[in-house]
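Student: Quick one: this structure, given as structure tokens, is what I'll be asking you about.
The values are calculated or read from the model by the stated rules, or taken from the named source; none is laboratory data. Computed from a prediction, not measured in an experiment: that's the story for all the values here. Note that we place each Cβ from the backbone using ideal geometry, even for glycine, and neighbour counts take in every protein chain shown.
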Amino acid sequence: MSMFAAERNEVMESSGKDVVILAIESSCDETAAAVVRNGREVLSNVISSQIALHTLYGGVVPEIASRKHIEKINQVIEEALSRAEVTLAEVDAIAVTYGPGLVGALLVGVAEAKAIAYAAGKPLIGVHHIEGHINANYIENKELEPPFLCLVVSGGHTHLVKVADYGKYEILGRTRDDAAGEAFDKVARAIGLGYPGGPKIEKVSREGNAEAIAFPRAKVAENAYDFSFSGVKSAVLNYINGCNMKNIPIVQADIAASFQKAVTDVLIEHAMMAVEEYQVNKFAIAGGVASNSVLREGMREACEKRNVQFYHPAPILCTDNAAMIGTAAYYEYLAGRCDGWDLNAVPNLKLGER
């Protein structure tokens, strides 16, 4: 058990009081609110998705996302409190994602959280979005404690992180260009699947041959743990253009399956390289792409071969949600960290910055 965990348990045992946090998440196109008790018990987790709306445009339109957040945020928060059967007076702190993400979308959540915290006289806790994804693993895996390694794979981020303790992170590798989820979206659009790309590529891939096309697996010379997915995306586009020029039929399922394998192979390879170098026995994945069944099974098999315990959140906790923000905020609360009324949205916030 980590030193932070021991201190946490001592605090909880001595006080005998539950810590209840109302959390808000609005970094992209989901308006979400949750009530979380003691960091790992989710009393409610309400998500209002905008996917159907943004599908019309082939991707997230920031201005539209911000407007929908404004329309939905009060309703979502009220529903989260109602489902949890908790009043605002019974909440100990208000948590909110303040970065990274779309600046307009973030501002809606931050302004709402500041207003509620001020009016109710509650502490305000700003949470890093990627930290939230990592903390999603604690919700279902009650026994999980740092240290461990975590791969965060989403539409905007691909990070390989060493979780030294609660709130203490070391980034081992990150993407140099496109995030894995971003590459999925772009390739899905190129082969006519549309948005959102990840789930659609996974579905079509089941009917394809993952060995049909040899797409590249990029390596970054300066840091073996860094990722690059723009090359495999370009390779898919070049393959499609080549087929069109030569009048060769395009097999959508084969392209999807081969591309998916190229991406997951790289993610698994880098992750296991870190597992072996750092000699850890716990490995977790998080983020929207972590719900991909091919990646999950590949990681599970790779971890089993090395006698490493594998953790992952349920699919609903992989996508953007507020429960993960409430969990991350709980450990900030115990550490005595909170924010002032000058808290602002930081769209390019780096992990570990505060």
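Student: Of all residues in region 59-77, which are touching an Asp or Glu at 6+ places or on another chain (Cβ under 9 Å) and of a type in the set (Lys, Arg)?
Tutor: Lys68
Student: Looking at Glu63, Glu79, can you tell me which residue is at pLDDT below 95 and either part of a helix (DSSP H, G or I) or outside the structural domain of Ile47 (by TED's automatic domain parsing) (or both)?
Tutor: Of Glu63, Glu79, the one residue that is at pLDDT below 95 and either part of a helix (DSSP H, G or I) or outside the structural domain of Ile47 (by TED's automatic domain parsing) (or both) is Glu63.
Student: Keeping to region 41-55, report how many residues are under 17 Å from the mean Cα position of the chain (by Cα) and in contact (Cβ under 8 Å) with a residue 24 or more places away in the chain.
Tutor: 5
Student: Restricting attention to region 204-224, does a residue exist that is polar (S, T, N, Q), surrounded by fewer than 18 Cβ atoms within 10 Å (Cβ to Cβ) and at pLDDT 95 or above?
Tutor: Within region 204-224 (the criterion being polar (S, T, N, Q), surrounded by fewer than 18 Cβ atoms within 10 Å (Cβ to Cβ) and at pLDDT 95 or above), the answer is yes, since at least one residue qualifies.
Student: Do you know which of the residues in region 300-317 that are more than 17 Å from the chain's Cα centre (by Cα) and in a helix (DSSP H, G or I) is surrounded by the fewest Cβ atoms within 10 Å (Cβ to Cβ)?
Tutor: Lys305
Student: Filter region 281-324 down to residues that are out of contact with any helix residue (DSSP H, G or I) (no Cβ under 8 Å at 6 or more places or on another chain) and at pLDDT 95 or above and give me whichever is farthest from Thr97 (Cα to Cα).
Tutor: Checking each candidate, the answer is Lys305.
Student: Taking the stated definitions as given, is Leu43 modelled with pLDDT of 95 or more, not assigned by TED's automatic domain parsing to the domain that holds Ala183 and not in a strand (DSSP E or B)?
Tutor: no
Student: Among the residues of region 320-345, write down those that are assigned to a loop (DSSP other than H, G, I, E, B) and either under 17 Å from the mean Cα position of the chain (by Cα) or surrounded by fewer than 18 Cβ atoms within 10 Å (Cβ to Cβ) (or both).
Tutor: Asp320, Asn321, Ala322, Ala335, Gly336, Arg337, Gly340, Trp341, Asp342, Asn344
Student: Let me ask something else. Is region 265-276 home to any residue that is in a loop (DSSP other than H, G, I, E, B) and over 21 Å from Ala111 (Cβ atoms)?
Tutor: There is no residue in region 265-276 that is in a loop (DSSP other than H, G, I, E, B) and over 21 Å from Ala111 (Cβ atoms).
Student: Any residue at all in region 94-102 that is assigned by TED's automatic domain parsing to the domain that holds Met324, loosely packed, with under 13 Cβ neighbours inside 10 Å and touching a residue at least 24 places away in the same chain (Cβ under 8 Å)?
Tutor: Checking region 94-102: not a single residue is assigned by TED's automatic domain parsing to the domain that holds Met324, loosely packed, with under 13 Cβ neighbours inside 10 Å and touching a residue at least 24 places away in the same chain (Cβ under 8 Å).
Student: Here's another thing I want to ask about it. Of the residues Leu151, Leu144, Leu172, which single one is touching a residue at least 60 places away in the same chain (Cβ under 8 Å), touching a Phe, Trp or Tyr at 6+ places or on another chain (Cβ under 7 Å), crowded, with 20+ Cβ neighbours inside 10 Å and within 19 Å of Tyr278 (Cβ to Cβ)?
Tutor: Checking each option against the conditions leaves just Leu172.
Student: With the requirement that a residue be within 23 Å of Ser230 (Cβ to Cβ) and touching a residue at least 60 places away in the same chain (Cβ under 8 Å), what does region 261-290 give you?
Tutor: Residues satisfying the conditions are Val263, Leu267, His270, Ala271, Ala274, Ile285, Ala286, Gly287, Gly288, Val289, Ala290.
Student: Can you pull out every residue in region 250-298 that is crowded, with 23+ Cβ neighbours inside 10 Å and among the β-branched types (Val, Ile, Thr)?
Tutor: Scanning region 250-298 gives Ile255, Val263, Ile285, Val289.
Student: Within region 10-27, is even one residue at pLDDT below 90, under 24 Å from Asp165 (Cβ atoms), touching a Leu at 6+ places or on another chain (Cβ under 9 Å) and assigned to a helix (DSSP H, G or I)?
Tutor: Yes - at least one qualifying residue is present in region 10-27.
Student: If you don't mind, another one. Would you check which residues across region 205-249 are in contact (Cβ under 8 Å) with a residue 60 or more places away in the chain and either farther than 20 Å from Thr264 by Cα or not hydroxyl-bearing (Ser, Thr, Tyr) (or both) and list them?
Tutor: Hits for region 205-249 are Phe227, Phe229.
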